[in-house]
Amino acid sequence: LAAVRRNPGVRRLASNPLLLTILALMKRQGVALPERRAELYDKYVETLLKSWNLVRGLDRPPGRDLNVEETLKVLAPLALWMHETSPGVGLVKREEMRRKLEEIYAGREIPDPQGAARQFLKDVHDYACLLLERGSGEYGFIHLTFQEYLAAVAIAQKGQLGIEPVVEALVAHVGDDNWREVALLTIGYMGIVERRDEAASATLVKLIEAKPGESGQAVALAGEAVVDAWPGGVTPACKERVVQAL
């Protein structure tokens, strides 16, 4: 309760009964709930994936995807695709999702991508957790927050060799309310979880300079991102640059 009262990020998640239960589980496991949202969501997803992978692994030998990192490398691009396909709703058809999973597994050079995609969908059906089957052959995350966060992870990971793909992805959606959270969490993930504060800062500066959307929209978004990631997620120089631009 103290964490809920003190932390707006925790409070937003705690309004959902299932997510509140997971928060309580994290506290019981001795996890300190961080103040910054990107860190909080990172711990949330890690807790869920560890639980999901543990249950998935009980009735079969551990597979290559039965760890947090490997599962995340499938779920993040899947979430980005789902957000592009169904922004604000987050529901996609089974057959479309199967094809996308095959594409992701093939791109990761997983043997038998068709079999891997079938097994993944079976796991989703049998061990509902982070991703759920919502009847009539549609799938979605347990909360739109997780789709947004994992989409942000996928965008941030595009910037491993340079920030240009990240800037391009953010510029494309400035002014779209369905992508606001994704943009904020992308900067937070880069700066806080990946500890690449200079890359996150350079991305915000490029966003301001590009001036996409209506007048002032990009710099207002950059301001929100600085508040969200401060302290540590962006550099003091970036913060000052954004303040001046505002």
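The values are calculated or read from the model by the stated rules, or taken from the named source; none is laboratory data. These figures come from a predicted structure and were not determined experimentally. In this analysis, Cβ positions are derived from the backbone assuming ideal geometry, glycine residues included, and neighbour counts consider all displayed protein chains. Areas reflect the complete protein model, heavy atoms only, side chains present, ligands, DNA and RNA absent. Shrake-Rupley method; radii C 1.70, N 1.55, O 1.52, S 1.80 Å.
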For residue 141, residues with placed amide H under 5 Å, excluding near neighbours: 132
C-alpha long axis of helix 113-126 to longest principal axis of the chain, angle in °: 90
Helix axis angle, 144-157 relative to the chain longest principal axis, alpha carbon, degrees: 70
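If each residue of separation counts as 0.36 nm, what is the full-extension length gain between residue 85 and residue 108 once their alpha-carbon separation is subtracted?
Value of the extension gain: 6.1 nm.
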Whole-number accessible area per residue in Å² for the chain, which is evaluated in the context of all protein chains at 1.4 Å: 49
0 to 90° range, to nearest 10: angle between helix 68-85 axis and the chain longest Cα axis: 70
Correct option for Rg/Rh (Cα atoms, Kirkwood Rh) [calculated from the coordinates] among [x] 0.97; [y] 1.14; [z] 0.93: [x]
GluC sites (Glu not before Pro), loop per DSSP, at most 13 other Cβ atoms within 10 Å - longest free stretch of the chain: 1-108
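Using a 1.4 Å probe and counting only protein heavy atoms, arrange 201, 51 so the residue with the most accessible area comes first.
Sorted descending by solvent-accessible area, the residues read 51, 201.
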Ranking by accessible area, most exposed first, for 243, 4, 45 with a 1.4 Å probe: 243, 4, 45
Cα-based reach from residue 100 at 16 Å (exclusive), listing lysines while leaving out same-chain residues under 8 positions away: 73, 122
Inter-label distance, nm, simple model (7 Å from Cα along the C-beta direction), residue 217/residue 180: 1.2
